[in-house]
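The values are calculated or read from the model by the stated rules, or taken from the named source; none is laboratory data. Since the model is a prediction, treat every value here as computed from it, not as a measurement. Here Cβ is always computed from backbone atoms with ideal geometry, including for glycine, and neighbour counts include all displayed protein chains. Side chains included, ligands, DNA and RNA excluded: accessible areas come from the protein's heavy atoms. Shrake-Rupley method; radii C 1.70, N 1.55, O 1.52, S 1.80 Å.
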Amino acid sequence: MNLKITINSKVFKVNLQDNATAKAFKELLPLTLDMKELNSNEKYAELSESLPVNASIPGKIQNGDLMLYGSNVVVLFYKTFSTSYAYTKIGNVDHADDLADALGSDHVLVKFESDSPYETVYNEK
């Protein structure tokens, strides 16, 4: 399962986990979130509904990790660091080297959509 995210004009591919959280997140697509800045290493946005949770403490967050905090906060990490917080992994961004530059230092609109043209058309109807 894959999806893509668009930040301004920059497009990134996201490899989704094979779990209930990623499947439920994909059901919400297409989705544009106004993601806020936190700790100079992540962007986050609250969803209007809760998703299935299977949280664990990853120990280390990787640049490009797409996670769920609690049951309804989507977090996109753009730096690698150690953590003691628990998250449910949704997926990870391929080739995330340019992710920090694309996200910038303030809030940003991030569009999440299916990587399959058929699924995007089907979900928008």
Revision key, fill the gap. Net charge near Ala96 (other residues with Cβ under 11 Å of its Cβ; Lys, Arg +1; Asp, Glu -1) is -3
Revision key, fill the gap. By the mean-Cβ-within-10 Å protection proxy, highest first, 65-75, 79-89 rank as 65-75, 79-89
Review point. Expressed as a whole percentage, what fraction of the accessible surface of the chain belongs to carbon and sulfur atoms when a 1.4 Å probe is rolled over the protein heavy atoms?
Key: 46
Exercise for review: Report the label-to-label distance for Ser116 and Lys23 in nanometres (one decimal), using points 7 Å from each Cα along the Cα→Cβ vector.
Suggested key: 1.4
Check your understanding: Which whole-number value in Å² is the accessible area per residue of the chain, probe 1.4 Å?
Key -> 54
Check your understanding: Hey, rough spin-label estimate for Asn2 and Leu38, points 7 angstrom out along Cα→Cβ, what's it come to in nanometres?
Key -> 2.9
Review point. Which number do you get for Rg(Cα) / (2.2 N^0.38 Å) in the chain?
Key: 0.97
Check your understanding: Near Lys43, within a Cβ-to-Cβ distance under 14 Å, what is the net charge of the other residues, with Lys and Arg +1 and Asp and Glu -1?
Key -> -3
Study note, to complete from the structure: Mean separation of Cα contacts under 8 Å (at least 6 apart) over the residue count of the chain, i.e. the relative contact order in percent, is 36
Check your understanding: Mean residue ellipticity at 222 nm from the helices of the chain, using -39,500 (n - 2.57) per DSSP H segment of n ≥ 4 over the full residue count, to the nearest 500 deg cm²/dmol?
Key -> -4000 deg cm²/dmol
Check your understanding: Quick one: putting +1 on the C-beta of Lys and Arg, -1 on the C-beta of Asp and Glu, what dipole do you get for the chain around its Cα centre, in Debye to the nearest 20?
Key -> 180
Review point. Could you state the per residue volume, in Å³, of the convex hull enclosing the Cα atoms of region 22-70?
Key: 102
